[in-house]
1. Against the condition outside any strand (DSSP E or B), out of contact with any strand residue (DSSP E or B) (no Cβ under 9 Å at 6 or more places or on another chain), more than 24 Å from residue 280 (Cα to Cα) and in contact (Cβ under 8 Å) with a residue 12 or more places away in the chain, how does residue 28 come out, does it pass?
2. Report whether or not residue 247 is under 22 Å from residue 197 (Cα atoms) and within 26 Å of the chain's Cα centre (by Cα).
3. What residue, among those in region 319-339 that are part of a helix (DSSP H, G or I) and in contact with a strand residue (DSSP E or B) (Cβ under 7 Å, 6 or more places away or on another chain), is surrounded by the fewest Cβ atoms within 10 Å (Cβ to Cβ)?
4. Pull up region 372-391, narrow it to residues that are out of contact with any helix residue (DSSP H, G or I) (no Cβ under 7 Å at 6 or more places or on another chain) and touching a residue at least 12 places away in the same chain (Cβ under 8 Å), then point me to the one that is surrounded by the most Cβ atoms within 10 Å (Cβ to Cβ).
5. Checking residue 740 against (1) part of a loop (DSSP other than H, G, I, E, B); (2) modelled with pLDDT of 95 or more; (3) within 16 Å of the ligand (Cβ to nearest atom), only one condition comes out false. Which one?
6. Name the one entry in 224, 205, 228 that is part of a helix (DSSP H, G or I) and surrounded by 18 or more Cβ atoms within 10 Å (Cβ to Cβ).
7. Answer with yes or no whether residue 666 is over 18 Å from residue 745 (Cβ atoms), touching a residue at least 40 places away in the same chain (Cβ under 8 Å) and outside any loop (DSSP other than H, G, I, E, B).
8. Do we find that residue 283 is part of a helix (DSSP H, G or I) and crowded, with 24+ Cβ neighbours inside 10 Å in this structure?
Ligand code: SF4
């Protein structure tokens, strides 16, 4: 093996200890850099992250005397020993208004042990230690703002970590070096008791035991050898392997500062920094975030990326780097440009990294759960926009520009793995779960490429025709004994305080609405409702009979798998027998709702008492078997993640391969405002705009050759969303609806009806041809099509109060005539 032969295929978990130690002898060769960059790409693809933060120097007093430090000051040199809490809060609130999500608390080590001024100031505020005061201030930040504290408090005991964990999303301490030699006389840590590597490693270990997402790193160029750097990194890795809590490793280069003992000491050159970044990457493998502060290396950022870095750390649009005040943060636009010059896409992260967000109940104190969920997307990164499904928020300009391919001309090239996955999807190959997850993580030019591929496929499979159907939603009751945590529609005992009164439509009202819909040009009624405790399978049969009597030629699209399951169960029938009865009664197709996310881990939180994944799929398989086709949906963006989305798509795909019964796939973004689980602080704020667009685009790619119709929900996506989706794989805008109540109950504002003129206007503005279809994607009946264009205004609906529940929903033909 050559000197660098062992670098050709480094395992994802990094080099062995023996090989890592050999790195100390290796120069900063291209082979080293290339191996590190490849390893980084395996873990982070084309992304380089940063955290938008505000820097809070709670106190500049410190009992240590590190020879390179200008942060620590003596009491004589400062106006106040500690920042008052009100000053901190004011600063954090300004930062919050500038989009900062992290408050980085930095402070000297235990100054009260050295300075009377510190002791007196603390006593005056009612605290005995700096860390007690820190816990108080961080707690106020947490309760009075949405910003997440990250605490760098130096060496800590178990008790101190336990005190700070409920008020911080993450903590950190720089190891700096594991070499005790640097504490000897004449060395930079001499006289600094807290720089004893054993004490610092003990703190890092305690944080691991306490399940604190943790940051550490090394400081290079302060007199340590390369071997000592490798040993320091290995010491950190050993702790991480035991506890899994290190979320990032910082490689910080020493900068000589005037008025310090090391003012004239040589700074490490660029090669030294690049070598160390590459070595850190090779030691920690593909999954660890390797970070270097961008303000300490101006002008060479692309080279740092090329050495295997994937994170720039905290960057503040507001406060300077108080540890290196001579080195200003780069402007975020500059950082994005420099990152793009390295072929990467800059994106934001939280102070707590995605894998810890995903497992937040283990890694975060309950006091932090809601805050972290509030900020997160399905990957555990910050939801990058304010867009909320069903609301009137502007779609983010950057995503719209990427969709229009304007920004992508300037953006870095599309990642190689994305190109390969897209090529496989275009060939209609089945994508793996990991491939689908990767598509959901696409950002920047990768995002644009996924949408472009979906758009190309849409063009190939469906041409330029965009369809819609004239339909009426009839939600026959909002009484429901299920407790789906996302549902603001149902009214059971527990939810009577939610919007609207409990109702249960009479057979006459159902018939009246269907007849009116027919007169207004509808070719379909879509019927779903709550699961009323008194409904049985016979109720659903009666509803179908009522509709048949009222509107014999209307297509009846009704009953989700939950209703079918419950109907069959209450009659003691197997699914196929019951579905056959529904079909004979006049049911034509089934809506694919109640699917939510077909992943039982998600369902256990979201809708624990509902049918499970297997049961939903069993109803659909049985329906397809008896000749009832159906749609499929996904309701996403709450407590789920990209893996659960991928599983959902694959489960629908697998069934479709067997039955071919799905006519369309309908992504339904979670509408949070009135959803109980969101109001309780236990769900995210719905998908980001990027995620909502991607759900449609990825579905188009996953279902290539199997499901041709990908539908956008105008109720949830709004005008801008629909427009964007028409460039991202969507070929259908769903129904005109006439009465939309379920999403409105959840807080949506996009209206109740989208009449044909409105639908067709949207479609024409996108340069496509409008097509009024029937449920099965044939042409709408010409007579109904004509009627739909001159429909009279809808008459007022009558929501029969629920206490007037009627045992039978079936009305006779004579009754129908009487209600005309
Ligand atoms: S989603 Fe459906 S089953 Fe669940 S509570 Fe709402 S109405 Fe009931």
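1. Answer is no for this residue.
2. yes
3. In this case the residue turns out to be 332.
4. 388
5. (2)
6. Testing whether each residue is part of a helix (DSSP H, G or I) and surrounded by 18 or more Cβ atoms within 10 Å (Cβ to Cβ) leaves just 228.
7. Considered against the rule, which asks whether it is over 18 Å from residue 745 (Cβ atoms), touching a residue at least 40 places away in the same chain (Cβ under 8 Å) and outside any loop (DSSP other than H, G, I, E, B), residue 666 comes out as yes.
8. yes
The values are calculated or read from the model by the stated rules, or taken from the named source; none is laboratory data. Note that the coordinates shown come from a computational prediction; the quantities given were computed from them, not determined experimentally. Here Cβ is always computed from backbone atoms with ideal geometry, including for glycine, and neighbour counts include all displayed protein chains.
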